Amino acid sequence: MASKHSRPDTETAPRRYAAGVEYDGSAFSGWQRQDGERTVQGALEAALGQVADQPVELVCAGRTDAGVHALAQVVHFDSAAERSPRSWLLGTNSNLVPDVAMRWVLPVSAEFHARFRAQRRDYRYLILSRPTRPALGRHRCCWTHRTLDVRRMARAARYLLGEHDFSSYRAIACQARNPVRTVYRLEVRRAGELIAVEISANGFLHHMVRNIAGVLMAIGRGDHPPRWARAVLEHRDRTLGGVTAPAQGLYLTGVHYPAEFGLPPPAGALWPRGGFW
């Protein structure tokens, strides 16, 4: 006879799923669930809960701030509901608000963790450099009426490659215990009036990408020489850094995991030629 602590025969053990998500962060108060606020996590969990017929809790690869977008956010969730990956995908999307969409869902081993098993994250900061303000792209890029010298910005970016203490490039309220991060790639490219700052690192501090973008834009305007990017780095003091660039220009474009998990490659790696997405 089964003990009172044994699982009933009709109960199924929870299974872990990974999912890729894209969203327009313009109308959200960031990723993280908050009482009384419209958040990406809240919208996704509500939609998943309708498919599962029970509450579902999500873990993401990297929490994004209000106004920040994602082309390739990665999440995981556990559920005992018997649903196929296709049912999770289509059912969730049919219940989601229009500015969030799941791109894929896959069953994964219990060892997978969207945050802690990520090896590298990619971000893009998108700048529109032209005399007149945008209408269609006002929530999807940072606009400057000033002309930016991309070559100067690219030279400055090279000072930030490698492992460094990025205290000068994080928010004053950042709670990370260790400010050291390794930047694998930092490139500045232009496509017509659009300029993209592409950065890949093993992790990011709060506002790190936006603060790097702010420094590079100041250098691109000619306010400082390219080596100022390194001088800011060496100060290890946020108050001596540049202006934090606006949230609407920032996109999470990729999260990379060990091949053993079999996840699709990041879909956000492609650079748009003349568009906002």
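Bear in mind that the values in this text are calculations on the coordinates, not laboratory data. Bear in mind that the values here come from a model prediction, so they are computed numbers and not experimental data. Every residue, glycine as well, gets a Cβ built from its backbone with ideal geometry; the counts of neighbours run over all protein chains shown.
Please compute the net charge surrounding V100, taking Lys and Arg as +1 and Asp and Glu as -1 over other residues with Cβ under 12 Å from its Cβ.
Overall, the nearby charge balance is -2.
For the chain, build the charge dipole from Cβ charges (+1 Lys, Arg; -1 Asp, Glu) around the Cα centre, then report which of F116, Y159, P98 sits farthest towards its positive end.
Comparing the listed Cα positions along the dipole, Y159 ranks first.
What size of dipole, in debye to the nearest 20, comes out for the range 145-267 about its Cα centre when the only charges are +1 on Lys and Arg C-beta atoms and -1 on Asp and Glu C-beta atoms?
That gives the range 145-267 a dipole magnitude of about 320 debye.
Can you compute 3J(HN,Hα) from phi for each residue in the range 58-68, using the Karplus curve 6.51 cos²θ - 1.76 cosθ + 1.60 with θ = phi - 60°, rounded to whole Hz and x for Gly and Pro?
Once θ is set to phi - 60°, the couplings for the range 58-68 become 9, 10, 10, 6, x, 5, 10, 7, 4, x, 8 Hz.
For volume of the Cα convex hull per residue in Å³, one of (1) 138; (2) 111; (3) 150 was computed from the structure I shared and the rest are decoys. Which label?
(3)
Mind checking the full-extension length gain between H139 and R189? Use 0.36 nm per residue of separation minus the Cα-Cα distance, one decimal, nm.
Full-extension gain reported as 16.0 nm.
Just to confirm a number: summing +1 for Lys and Arg and -1 for Asp and Glu over residues other than R146 whose beta-carbon lies under 13 angstrom from that of R146, what do you get?
Net local charge, R146 excluded: +1.
Return the calculated 222 nm mean residue ellipticity for the chain, to the nearest 500 deg cm²/dmol, obtained by summing -39500 (n - 2.57) across DSSP H runs with n ≥ 4 and dividing by the residue count.
-5500 deg cm²/dmol
Is the C-alpha gyration tensor of the range 90-207 telling us rounded, prolate or oblate? Criteria: a/c under 1.5 is rounded; beyond that, a/b larger than b/c is prolate, otherwise oblate.
It comes out oblate by the Cα gyration axes.
Using the Cα centre as the reference, give the magnitude of the dipole from point charges on the C-beta atoms of the chain (Lys, Arg: +1; Asp, Glu: -1; all else neutral), rounded to the nearest 20 debye.
1160
Answer with one residue from V188, L233, H207: the one whose Cα lies farthest towards the positive end of the charge dipole of the range 181-236, charges on Cβ with Lys, Arg +1 and Asp, Glu -1.
Working it through, the farthest residue towards the positive pole turns out to be L233.
Compare the Cα positions of V197, Q50, H139 along the charge dipole of the chain (+1 at Cβ of Lys, Arg; -1 at Cβ of Asp, Glu; about the Cα centre) and return the one farthest towards the positive end.
V197
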